[in-house]
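Step one of this worksheet: look at the structure below.
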Amino acid sequence: MALSLNKLKRLEDAGLTELFDADRKLWVAMTKDAYGYTHKFVGAEVRPDDVVPTLVPALEVSDRLRTFLAGRKLTQNYWYVWYAELLVDRLWADLQSVSR
């Protein structure tokens, strides 16, 4: 499911958009890897919702994200999915230009 305005506002309130800006290189690398893996199996018609399920497991074991979420007492699993949606949303144009 794509990033909605409601999810974006909640991510902003939780400080996760600031985390993206602070560690942009890390998130770009992780998202590019997930996109590349997805592109390999799906082909040229990769959509944002195709990349999110590939990216979530990497985020779930990311010490940086886990520490951030724990520090804010954000224990629900949906934060990983929403953060993946944020990353894909913010980086989609760059991801598509790399694959062309």
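Values quoted throughout were computed directly from the atomic coordinates according to the rules given, and no laboratory measurement underlies them. Keep in mind the model is a prediction, meaning the values are calculated, not measured. Cβ sites come from the backbone with ideal geometry, for glycine too, and all protein chains shown count toward neighbours.
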Along the positive direction of the dipole of the chain (beta-carbon charges: Lys, Arg +1; Asp, Glu -1; about the Cα centre), which of Gln76, Leu8, Met30 reaches farthest? Gln76
Assuming 0.36 nm per residue, please report the length gained on full extension of the stretch Thr67 to Arg47 beyond their Cα-Cα distance. 4.3 nm
Could you identify which residue out of Asp89, Asp23, Asp50 has the top mean-square fluctuation in a GNM of the chain using Cα springs shorter than 10 Å? Asp23
Unit charges on C-beta of K, R, D, E only; dipole of the range 5-99, Debye: 200
What list do you get for Ser97, Ser4, Ser62 if you sort them by fewest beta carbons within 10 Å? Ser97, Ser4, Ser62
What number, rounded to the nearest 500 deg cm²/dmol, is the helix-based mean residue ellipticity at 222 nm of the chain, given -39500 (n - 2.57) per DSSP H run of at least four residues and division by all its residues? -25000 deg cm²/dmol
Given the options Arg72, Arg47, Arg90, state which has the largest fluctuation in a GNM of the chain using a 10 Å cut-off (strictly under) for Cα springs. Arg72
Connecting C-alpha atoms closer than 10 Å in a GNM of the chain, tell me which of Gly71, Gly36, Gly15 has the biggest fluctuation. Gly71
Projecting the Cα atoms of Phe41, Gln96, Leu55 onto the charge dipole of the range 5-99, where Lys and Arg contribute +1 and Asp and Glu -1 at Cβ, the residue farthest towards the positive end is Leu55
Taking R0 as 30 Å, what FRET efficiency do you get between Leu5 and Lys40 from their Cβ-Cβ distance, rounded to the nearest 0.05? 0.40
If each of Thr75 and Asp13 carries a label point 7 Å out from its Cα toward its Cβ, how far apart are those two points in nm? 2.0
